[in-house]
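What follows draws every value from the coordinates through simple rules; no lab data is involved. Because the structure is predicted, anything quoted here is derived from the model rather than measured. Ideal geometry is used to build each Cβ from the backbone, glycine not excepted, and the neighbour counts take in all protein chains shown.
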Amino acid sequence: MTDPTALDPDLARLRGFVARMFADEGRPPSIGEAARLLARDLGAVRADLAELDARHLLVLSADRDAIRMAHPFSAAPMGFVVRSGDSRWWGGCTWDSFGISAALARDVSIETTCPHCLTEHRFEAGPSQPPTPPLVARVPRPAHSWWDDVVWTCTRIRTFCSDDHARQFAAEEGEPLGQVVPLATLWRLAGPWYGDRLDPDYAPRSTARSQAILASVGLEGDFWQLR
């Protein structure tokens, strides 16, 4: 049986190349650009990107002709702007925004808006600096269904002024509430979840390891079960 945590050298190199370009330039490479810079056949790169997408190591666009996300980075605005110095990235969600800080090992400022009342929020966070505002984040779907439509899932993991605002927003949208957690919980989760994404020897985690990381920050119970 194939080890689900193993990557062959071409897959590992392509995944790392995409992650590093997101980190350095705030954008993914085009498929042609990846083939050219890695000196690989275009068809082989397309096939490997499809494999990385199938293994949830990046997300292709709906047309499968571009890279949409490589968590924690996004190729398009999703409600969060993450800044450090003169650099800027799109955060895929509250959790991913902290994940960018963890992956880069840099302090950042995060800008977002409460979806319910449209209040603008800006706060600082870093690998050893938790966010201080008493804000919350809503996670709408149980963990086992995050990847049913991961772009939708990330789009909806938003920051709210309060638990009440999260509840009102979910009701107005006709969606289940899911779980509402303090910002600090997702900040603590981001470090072990995303901190190794730029490591040269990065390897995917097992489901059991991911489950243990969720439990380590108090995210336990049926809602947080990955399988």
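Observations
- Most mobile listed residue (Ala125, Ala70, Ala54) in the chain, GNM with C-alpha springs under 10 Å: Ala54
- Glu120-Asp149 FRET efficiency (beta carbon distance; Förster radius 22 Å; 0.05 resolution): 0.20
- DSSP-loop chymotrypsin sites (Phe, Trp or Tyr not before Pro) across the stretch 160-227, with at most 11 other Cβ within 10 angstrom: none
- The phi torsions of the stretch 100-106, fed into the Karplus equation with coefficients 6.51, -1.76 and 1.60 and a -60° offset, translate into couplings of 4, 4, 5, 5, 7, 6, 9 Hz, rounded to whole numbers, with Gly and Pro shown as x.
- Think of each Lys and Arg Cβ as +1 and each Asp and Glu Cβ as -1; about the Cα centre, that makes the dipole of the chain roughly 180 debye.
- By the beta-carbon count within 10 Å of each Cβ, the least crowded to most crowded order of Cys93, Cys117, fewest first, is Cys117, Cys93.
- If you take the Cα centroid of the stretch 145-188 and the Cα centroid of the stretch 25-67, the two points sit 29 Å apart.
- Dipole of the chain computed with +1 at Lys/Arg Cβ and -1 at Asp/Glu Cβ about the Cα centre; of Val59, Pro204, Phe169, farthest Cα towards the positive end is Pro204.
- When only the Cβ of Lys, Arg, Asp and Glu is charged (+1, +1, -1, -1), the dipole of the stretch 90-182 relative to its Cα centre reaches about 140 debye.
- Length gained when the stretch Ala76-Ala203 is fully extended (0.36 nm per residue, less Cα-Cα span): 43.2 nm
- Classified by the C-alpha gyration tensor, the stretch 9-70 has a rounded form. Its axis ratio a/c, with a ≥ b ≥ c, is below 1.5.
- Think of it as helices only: each DSSP H run of n ≥ 4 in the chain is worth -39500 (n - 2.57), and spread over all residues that comes to -11500 deg cm²/dmol at 222 nm.
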